[in-house]
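Written out below as structure tokens is the structure these notes cover.
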Amino acid sequence: MARANSIRSELETLKKERIRGSAEQLFYERGFCGTTMEAIADSLRATKPFLYGSYAKKTDILVDIHMSVVQRILQAIESARASSGTASGKLRQFAHGLTEMTLANQAAVAIYFREEASLPPRQLRKINDVKGRIDESLAGLLQEGVDAGEFQLADVRLAALAIGGMISWTYTWY
């Protein structure tokens, strides 16, 4: 029985990934408001009930895309902070990881920045909470560098926002 639940779970995960991938491409090309559930289903050669088996509404897919982006950014900063070495080395590791993630997920990152206004307020608060953790962690890393004499920064929070923003916006350049 456990094997059947495992397979069922894997299939649901695969189904959601495929739906999210198609929706991501359509949201990127047409915008969130310009994309219907029917268009997503058509791109998968599936039916709308197939989609509704995994997502109750289109905004749930958008929330998934946003949450995926912030979780990947959080993972990049936490991985860098957990590594050994100097603060400048950790910052390089984070910058490299965030740049790779941004370029590998260009459509999702574009949607993340372009479609924030389409998110329901409750889910937006959850996403903003994760964004806050990212900003805090990056500011903490910069403070480590200031304390070690590696960086000279008047405002680590402002520097964290600038660094994160500059790297994240590489999606527009490539």
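The values are calculated or read from the model by the stated rules, or taken from the named source; none is laboratory data. Computed from a predicted structure; not experimentally measured. In this analysis, Cβ positions are derived from the backbone assuming ideal geometry, glycine residues included, and neighbour counts consider all displayed protein chains. These area figures cover heavy atoms from the full protein model, side chains too; ligands, DNA and RNA do not enter into them. Shrake-Rupley method; radii C 1.70, N 1.55, O 1.52, S 1.80 Å.
Classification of segment 104-156 by its C-alpha gyration tensor yields a prolate form. The axis ratio a/c (a ≥ b ≥ c) is 1.5 or more, and a/b outweighs b/c. Working note: Karplus 6.51/-1.76/1.60 with θ = phi - 60° gives segment 77-91 the couplings 6, 5, 5, 5, 5, 7, 6, 8, x, 7, 4, 5, x, 5, 5 Hz, where Gly and Pro are set to x. Karplus-based coupling profile of segment 15-24, in residue order and whole Hz: 4, 5, 4, 5, 4, 4, x, 5, 4, 4, with θ = phi - 60° in 6.51 cos²θ - 1.76 cosθ + 1.60 and x standing for Gly or Pro. Dividing the helix sum by the residues of the chain, where each DSSP H run of 4 or more adds -39500 (n - 2.57), gives a mean residue ellipticity at 222 nm of -26000 deg cm²/dmol. Normalised by the number of residues in the chain, the mean separation of alpha-carbon contacts (under 8 Å, six or more apart) gives a relative contact order of 24 percent. Averaging the inverse of every distinct alpha carbon separation and then flipping it gives the Kirkwood radius. What is it for segment 27-128, in angstrom units? Computed over segment 27-128, the radius equals 15.3 Å. Nonpolar atom fraction for the chain, defined as the carbon and sulfur part of the 1.4 Å probe accessible area, stands at 53 percent. Sequence-ordered 3J(HN,Hα) estimates for segment 127-144 from the Karplus curve with 6.51, -1.76 and 1.60 and θ = phi - 60° stand at 5, 5, 4, 5, 4, x, 5, 4, 4, 4, 5, 5, 4, x, 5, 5, 5, 4 Hz, glycine and proline given as x. Between segment 23-81 and segment 118-132, the C-alpha centres lie 15 angstrom from each other.
Counting other Cβ atoms within 10 Å of each Cβ, which GluC sites (Glu not before Pro) in segment 133-174 have at most 16 and sit in a DSSP loop? Those satisfying the criteria are E150. Net charge dipole, the chain: roughly 640 debye, given to the nearest 20, about the Cα centre with Cβ charges of +1 for Lys and Arg and -1 for Asp and Glu. Take the chain with all the other protein chains still there, run a 1.4 Å probe, and you get 56 Å² of accessible area per residue.
Quick check: with the 1.4 Å probe, what order do S9, S84, S168 take by accessible area, largest first?
Result, largest first: S84, S9, S168.
Output the Kirkwood hydrodynamic radius of the chain, Cα pairs only, in Å rounded to one decimal. List each step's numbers first, then the result.
Numbers: mean 1/r = 0.0564 Å⁻¹.
Every distinct Cα pair counted, the radius reaches 17.7 Å.
Assuming a strict under-23 Å limit between Cα atoms, what lysine pair count do you get for segment 53-148 once near-sequence pairs (fewer than 8 apart, same chain) are dropped? All intermediate terms of the calculation are to be shown ahead of the outcome.
On the way: K57/K126; K58/K126; K58/K131; K90/K131.
Within segment 53-148, the lysine pair count is 4.
Let me know the shape class of segment 1-40, please: from the alpha-carbon gyration tensor, a ≥ b ≥ c as square roots of the eigenvalues, rounded when a/c is under 1.5, otherwise prolate if a/b is greater than b/c, or oblate. Prolate shape, in that a/c is at least 1.5 and a/b is the bigger ratio. With respect to the chain, whose longest principal axis is taken over its alpha-carbon atoms, helix 156-168 is tilted by about 40°.
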